[in-house]
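Each value in this text was obtained by applying a stated rule to the coordinates, not by laboratory testing. What you are looking at is a predicted structure, and each value in this text was computed from that prediction instead of being measured. Backbone-built Cβ (ideal geometry, glycine too); neighbour counts: all protein chains shown.
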Amino acid sequence: MSRYWRAWSLTLAIAVALALAGAFGLRWYVEQRPLPMTSDKVEFRVKPGTSARGAARTAREAGIDVNELAFAALARATGVSQSLRAGRYAVDRGATLAQLVAKLRNGEVLLERLTIAEGLTFREMRALLAATPELRQDSATMTDAQLLQAVGAREAHPEGLFAPDTYLYDPGSSDLELWRRAYRSQMSALQDAWNARAADLPYKTPYEALILASIIEKETGQPAERALIGGVFINRLRRGMLLQTDPTVIYGLGDRFDGNLRKRDLLADGPYNSYTRAGLPPTPIALPGRAAIAAALQPAATDALYFVARGDGSSEFSNSLDAHNRAVDRFQRGIR
């Protein structure tokens with residue numbers, strides 16, 4: 001073999017060796033090298049329309065030391081950049097670049113969480129869902145009646161029909177699916193409580209119990225008092241007494257309520273004014289939780305007919321008007 005061919009063969013061997021070393025090094029960098037991270041678990045959110053390099057930049061800002069160029073190249077090679085799913089991702093310490101790209105390729109987003117608090121109104125719940133960008137806003141142009149039809153509700157008024165709870169949902173899913181889940185959950189809770197209700201309650205239908213449950217929800221300062229407050233209202237209904245509860249009046253005022261309930265508001269007759277009209281208002285006034293529904297259908301046994309706020313979140317209960325007036329003087333007027 002001539003000197004030329006020996007030199008060429010050696011050069012080729014060296015080039016192949018370097019290529020193999022580079023290939024193995026690249027494979028190690030992509031598939032085996034753990035990405036440096038600032039904590040054991042890092043979460044980052046990919047917004048809709050984010051590019052592969054943008055996703056890498058977001059991951060870096062969150063605490064994952066990933067090379068943007070390498071990430072973008074691997075994302076292009078595996079098709080991730082064409083199908084980058086928006087959402088929140090979590091990466092555990094020890095993950096490699098290949099695993100990070102695969103997580104985005106597979107769209108392994110975390111479920112989002114939305115809390116609907118007890119006592120919110122339907123209007124407030126609707127505004128909360130509308131302000132949740134991770135939900136697809138399919139109900140945005142619907143009227144309340146159309147929304148009720150879409151979730152399969154037979155009721156004519158939406159108030160109180162949806163269960164306050166914390167809901168997990170897939171980002172990008174329809175808000176209508178969450179509405180349906182909330183409706184089914186509330187109807188199931190109401191029916192279960194109705195089936196286990198105490199004897200001789202002054203309700204004709206589960207819907208009437210839902211109305212009182214919403215009032216109990218708005219009147220309760222301490223969770224332990226729900227059943228007792230329920231007992232007071234049941235006693236008043238049985239005797240034909242006016243419920244005389246401020247939250248119903250406030251609900252009836254709607255946008256006119258400025259935070260200050262005045263005497264003229266209590267005297268102005270209307271369907272939700274429980275100071276001028278006997279019995280229950282025509283609809284619930286808020287979204288009652290399971291505990292309030294239970295309090296309406298399993299109220300505490302009590303002789304109390306009145307209660308007044310003590311100013312610390314709890315209430316003072318009284319069996320007579322004289323005792324109630326004394327409690328009002330003490331806790332509301334500061335008269336001892």
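Here's how it looks for Ser315: its modeled amide H is under 5 Å from those of Arg310, which are all 5 or more places away or on a different chain. Within straight cross-link reach of Lys103, meaning Cα distance under 17 Å, which lysines are found once same-chain residues fewer than 8 apart are removed? Cross-link targets: Lys41, Lys47.
The listed peptides 116-125, 146-155, ordered by packing as a protection proxy, come out as 116-125, 146-155 (highest mean of other Cβ atoms within 10 Å first). Of the residues Gly152, Ala304, Gly254, the one whose Cα sits farthest toward the positive end of the charge dipole of the chain, with +1 on the Cβ of Lys and Arg and -1 on the Cβ of Asp and Glu, is Gly152. When each of Thr248, Thr143, Thr58 is scored by the number of other beta-carbon atoms lying within 10 Å, the sequence from fewest to most is Thr143, Thr58, Thr248. Only lysines eight or more places from Lys263 in sequence, or on another chain, were considered; those with a Cα closer than 28 Å are Lys218.
Three principal axis extents of segment 33-105 based on alpha-carbon atoms, in descending order, are 29, 23, 16 Å.
Remark on the chain: ratio of C-alpha radius of gyration to 2.2 N^0.38 Å is 1.56. A straight line joining the Cα centroids of segment 226-266 and segment 160-184 runs 29 Å. Between the helical axis of 206-219 and the longest alpha-carbon principal axis of the chain there is an angle of about 80 degrees.
Protection proxy ranking of 249-261, 185-197, by the mean of other Cβ atoms within 10 Å over each peptide's residues and highest first, is 185-197, 249-261. Qualifying trypsin sites (Lys or Arg not before Pro) in segment 259-298, where qualification requires a DSSP coil assignment and no more than 13 other C-beta atoms within 10 Å, comprise Arg262. Counting neighbouring Cβ atoms within 10 Å and putting the fewest first, the residues His324, His157 line up as His157, His324. Computed from backbone phi with θ = phi - 60° and the Karplus coefficients 6.51, -1.76 and 1.60, the 3J(HN,Hα) list for segment 120-136 is 5, 8, 4, 4, 5, 5, 5, 5, 5, 5, 5, 8, 9, x, 6, 8, 7 Hz; x is used for glycine and proline.
Cβ crowding within 10 Å ranks Ile229, Ile285 as Ile285, Ile229, fewest other Cβ atoms first. Hey, what angle do you get for helix 3-27 against the long axis of the chain, alpha-carbon based, 0 to 90 degrees rounded to 10? For helix 3-27, the angle is close to 10 degrees.
To the nearest 20 debye, what is the magnitude of the charge dipole of segment 113-190 about its Cα centre, counting +1 on the Cβ of each Lys and Arg and -1 on the Cβ of each Asp and Glu?
Computed about the Cα centre, the dipole is about 120 debye.
Of interest is the spacing of the C-alpha centroids, which for segment 77-118 and segment 269-319 amounts to 47 Å. Rounded to the nearest 10 degrees, the angle from helix 226-239 to the longest Cα principal axis of the chain is 30 degrees.
The dipole here belongs to the chain: it is taken about the Cα centre, uses +1 on the Cβ of Lys and Arg and -1 on the Cβ of Asp and Glu, and is about 1060 debye.
Summing charges over neighbours of Thr283, with a neighbour being any other residue whose Cβ is under 11 Å away from its Cβ, gives -3 when K and R count +1 and D and E count -1. The modelled label-to-label distance for the pair Glu68/Leu261, using points 7 Å beyond Cα in the direction of Cβ, is 5.7 nm. The 3J(HN,Hα) values that the Karplus relation (6.51, -1.76, 1.60; θ = phi - 60°) gives for segment 285-292 are, in residue order, 10, 6, 8, x, x, 4, 5, 5 Hz. Gly and Pro appear as x.
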